[in-house]
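One structure is given here, and the rest of the page talks about it.
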Ligand SMILES: Cc1cc2nc3c(=O)[nH]c(=O)nc-3n(C[C@H](O)[C@H](O)[C@H](O)COP(=O)(O)O)c2cc1C
């Protein structure tokens, strides 16, 4: 399975890094695009840059010549993790003037899986309406919301829960969290 992964400038850059690492472990091919503010949050929160993420093919967010900028290129799914409200609003508005928003637009028009790990709190009505718009167009809105039924003990357990939920959307059992098996 070939993925396009976008990391944008919302808090939680580590979610993107851990997601990519696990996707590579699971045998996915990963094309990585990090926005300018994604790079800045990676540096501020994880003291790293996109070049430190090994095993992926890196693309510049300004590179609209990238293969998956076209619907004719058969990537399987796109995950934007984390997804800023700025990128969400551009996707919801049909704007596609960089590689992340263009690929999201391609995923929606081609009926391919698009998962947005949107992060902001609290949410304004504008954010909520943008999420509704993307959802109606076929995108999956998957905020990094905590759960406790899997009995997390560490921050890593909580990160794995969110990432595991993304893999669930891709139809892959990553075994990253313990599922609810009944009371
Ligand atoms: C440290 C830091 C954390 C941020 N966290 C968020 C956030 O959680 N959600 C959000 O929507 N924007 C957040 N922002 C603001 C975005 O980075 C900003 O809106 C930017 O324009 C997003 O650009 P992009 O969508 O191209 O990555 C944060 C910015 C910084 C510097």
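Coordinate-derived values only; no laboratory data. Treat the numbers as computed from the prediction; the structure is a model and nothing was measured. So basically every Cβ, Gly included, is an ideal-geometry build from the backbone, and we count neighbours across all protein chains shown.
Taking the beta-carbon count within 10 Å as an exposure proxy, list 140, 126 from fewest neighbours to most.
126, 140
I need 112, 51, 119 ordered by Cβ neighbour count within 10 Å, fewest first.
Listed from fewest to most nearby Cβ atoms, that is 51, 112, 119.
Given the peptides 143-150, 91-98, 52-59, 163-170, arrange them by the average over their residues of other C-beta atoms within 10 Å, most packed first.
Final packing ranking: 163-170, 91-98, 52-59, 143-150.
So how far apart, in nm, are the two label points at residue 86 and residue 45 if each is 7 Å from Cα heading toward Cβ?
If labels sit at residue 86 and residue 45, their model points lie 1.4 nm apart.
If one computes the Cα centroid of the stretch 139-183 and of the stretch 53-97, what distance in Å separates the two points?
Cα centroid to Cα centroid, the span is 24 Å.
Averaging sequence separations of C-alpha pairs under 8 Å and six or more residues apart, then dividing by the length of the chain, give the relative contact order as a whole percent.
About 20 percent, as a whole number.
Please compute the alpha carbon radius of gyration of the stretch 2-147, then divide it by the globular-protein estimate 2.2 N^0.38 Å. Two decimals is fine.
0.95
Going by how many other Cβ atoms sit within 10 Å of their own, how do 33, 17 line up, fewest first?
Ordered by Cβ neighbours within 10 Å, fewest first: 17, 33.
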